[in-house]
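So the structure is just underneath, and the comments pick up after that.
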Amino acid sequence: MNELLSLALDAHGGIDQWNKFELVCATIVSGGQLWAMKGTPQDTAPREMKVATKYEWASVAPFGSPDQCTDFTPRRIAIQRGDGTTVSERLNPAAHAEGKEVDTPWDVLDRAYFNGYALWTYLTTPFLFALPGFAVDEIQPWRENIETWRGLRVTFPPEIASHSKTQDFYFGPDFLLRRHDYHVEASGGFAAAQYVYEPVTVQGITFPTKRRAYMRDDMMCPIHEKLMVSIDIANLRLT
């Protein structure tokens with residue numbers, strides 16, 4: 001295993017501890033400029049997020065109405081009622097969401113697809129990199145204020161849905177995640193730099209509880225006037 005990945009896994013609680021669990025559950029509050037840009041304004045109501053630990057699945061509730069939730073996998077996105085009835089669904093959702101301009105509006109299933117893959121990625125980092133098919137390589141470190149952050153370039157396997165095939169993750173001297181860089185293929189492919197803050201340890205696993213994703217310039221620096229997505233995470237638990 002790549003040395004930096006091994007150190008990061010251990011710093012976040014260790015792969016053996018992670019493998020004890022099947023689900024991560026959390027309360028999320030989202031904001032930022034992306035939602036209005038895509039024609040799906042975000043309210044500040046808390047929502048319940050669930051993601052699987054050993055394969056790519058996610059669900060958020062409520063979604064659209066109090067009795068609805070999403071059901072996400074890489075090849076299908078659906079909106080369901082509490083009794084399991086399907087309200088709407090789309091197969092191969094990436095094909096519908098990708099290849100458009102940054103400000104092209106999303107429909108409700110595009111939004112649900114983005115939420116599913118993004119939160120699954122965030123709530124399983126860095127442990128998802130140990131799943132079959134992921135390739136990791138150490139890259140040049142990034143200097144941020146007084147810290148130097150070591151970086152991993154992660155190539156996602158084709159069967160995993162995420163922002164882009166290749167993404168960069170930077171870890172501080174304590175080997176906890178500090179920054180996550182990617183291109184948002186579901187929104188015109190814009191370059192993003194996401195910073196993470198305020199880690200907490202729950203049941204032996206460490207998670208950041210604040211995420212702030214900015215558009216990124218050609219020098220890899222965040223454009224602070226363009227806060228695209230903010231996520232506050234609370235009430236974390238693993239089952």
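Please tell me the relative contact order of the chain in percent, rounded to the nearest whole number, where contacts are Cα pairs under 8 Å and at least six residues apart.
It rounds to 21 percent for the chain.
Taking 0.36 nm per residue of sequence separation and subtracting the Cα-Cα distance, how much length would be gained by fully extending the chain between residue 197 and residue 10, in nm to one decimal?
Details: separation 187, 0.36 × 187 = 67.32 nm, distance 1.84 nm.
Roughly 65.5 nm would be gained on extension.
Roll a 1.4 Å probe over the protein chains and send me the accessible area per residue for region 198-239 in Å².
That works out to 51 Å² for each residue.
Could you list the GluC sites (Glu not before Pro) in region 1-80 that lie in coil according to DSSP, counting only those with at most 11 other Cβ atoms within 10 Å of their Cβ?
22
Hey, can you grab everything whose amide H is under 5 Å from the amide H of residue 190? Only 5+ residues off in sequence or another chain; H modelled, so Pro and N-termini drop out.
Close amide H contacts, sequence-distant or interchain: 184.
Report the residue, chosen from 163, 224, 183, that carries the largest GNM mean-square fluctuation when the chain is represented by alpha-carbon nodes joined by springs under 10 Å.
The residue that fluctuates most here is 224.
Tell me whether region 177-239 comes out rounded, prolate or oblate; compute the Cα gyration tensor, take square roots of the eigenvalues as a ≥ b ≥ c, and use a/c under 1.5 as the rounded threshold.
prolate
Of the chymotrypsin sites (Phe, Trp or Tyr not before Pro) in region 1-100, which ones lie in a loop per DSSP and count no more than 15 other C-beta atoms within 10 Å?
Passing both the DSSP loop test and the Cβ count: 55.
Roughly speaking, what is the stretch gain from residue 36 to residue 210, that is 0.36 nm per residue apart minus the C-alpha to C-alpha distance, in nm to one decimal?
Using 0.36 nm per residue and subtracting the Cα-Cα distance, I get 60.6 nm.
5 Å is the cut-off here: which amide hydrogens, built 1.01 Å from N in the peptide plane, fall below it relative to residue 178, excluding neighbours closer than 5 in sequence?
Those qualifying (amide H under 5 Å, at least 5 residues apart or on another chain) are 170, 171, 172.
Taking region 162-239, which trypsin sites (Lys or Arg not before Pro) meet the DSSP loop condition and have no more than 14 other C-beta atoms within 10 Å?
165
In nm, give the distance between the simple-model label positions of residue 138 and residue 89, each being 7 Å from the Cα along the Cα-to-Cβ direction.
4.5 nm
With the cut-off at 22 Å, report for region 1-128 the share of all Cα pairs above it, as a whole percent. Mind showing how you got there, number by number?
Details: 3363 of 8128 pairs.
More than 22 Å apart: 41 percent of the Cα pairs in region 1-128.
Is region 101-239 rounded, prolate or oblate when judged by the Cα gyration tensor, a ≥ b ≥ c being the square roots of its eigenvalues, rounded requiring a/c under 1.5 and prolate requiring a/b larger than b/c? The partial results should precede the final answer.
Working: a/c = 1.30, a/b = 1.13, b/c = 1.16.
In terms of gyration-tensor shape, rounded.
When the chain is treated as a GNM, springs tying every alpha-carbon pair under 10 Å, which of 146, 79, 160 comes out with the largest mean-square fluctuation?
Comparing 146, 79, 160 in the GNM, the peak value goes to 146.
Leaving out ligands, DNA and RNA, what percent of the accessible area of the chain is carbon and sulfur, probe 1.4 Å?
Working: 5670 of 10520 Å².
Reported share for carbon and sulfur atoms: 54 percent.
Can you match Cα extents along the principal axes in Å to one of these, (i) 40, 39, 33; (ii) 47, 41, 32; (iii) 59, 52, 31, based on a calculation from the structure here?
(ii)
Calculate, for region 112-186, the solvent-accessible area per residue in square angstrom, rolling a 1.4 angstrom probe over the heavy atoms of the protein chains.
37 Å²
Near the amide H of residue 23, under 5 Å away, which other amide H atoms are found, from residues 5 or more places off or on another chain, if H is placed in the peptide plane?
53, 239
With everything on Cα atoms, drop me the angle between helix 108-124 and the longest principal axis of the chain, reported from 0 to 90° to the nearest 10.
30 degrees
Quote to one decimal, in nm, the extra length available between residue 235 and residue 1 on full extension: 0.36 nm per residue of separation minus the C-alpha distance between them.
Residue separation times 0.36 nm, minus the Cα-Cα distance, leaves 81.0 nm.
Is the C-alpha gyration tensor of region 69-140 telling us rounded, prolate or oblate? Criteria: a/c under 1.5 is rounded; beyond that, a/b larger than b/c is prolate, otherwise oblate.
Cα axes put region 69-140 in the oblate bin.
Tell me what the chain gives for mean residue ellipticity at 222 nm when only DSSP H runs of n ≥ 4 count, each as -39,500 (n - 2.57), the sum divided by the residue total, rounded to 500 deg cm²/dmol.
One gets -4500 deg cm²/dmol as the mean residue ellipticity at 222 nm.
The values are calculated or read from the model by the stated rules, or taken from the named source; none is laboratory data. Small disclaimer: the values here were computed from a predicted structure and weren't measured. Every residue, glycine among them, receives a Cβ derived from its backbone with ideal geometry; neighbour counts consider all protein chains shown. These accessible areas exclude ligands, DNA and RNA; they are computed on the full protein's heavy atoms, side chains included. Shrake-Rupley method; radii C 1.70, N 1.55, O 1.52, S 1.80 Å.
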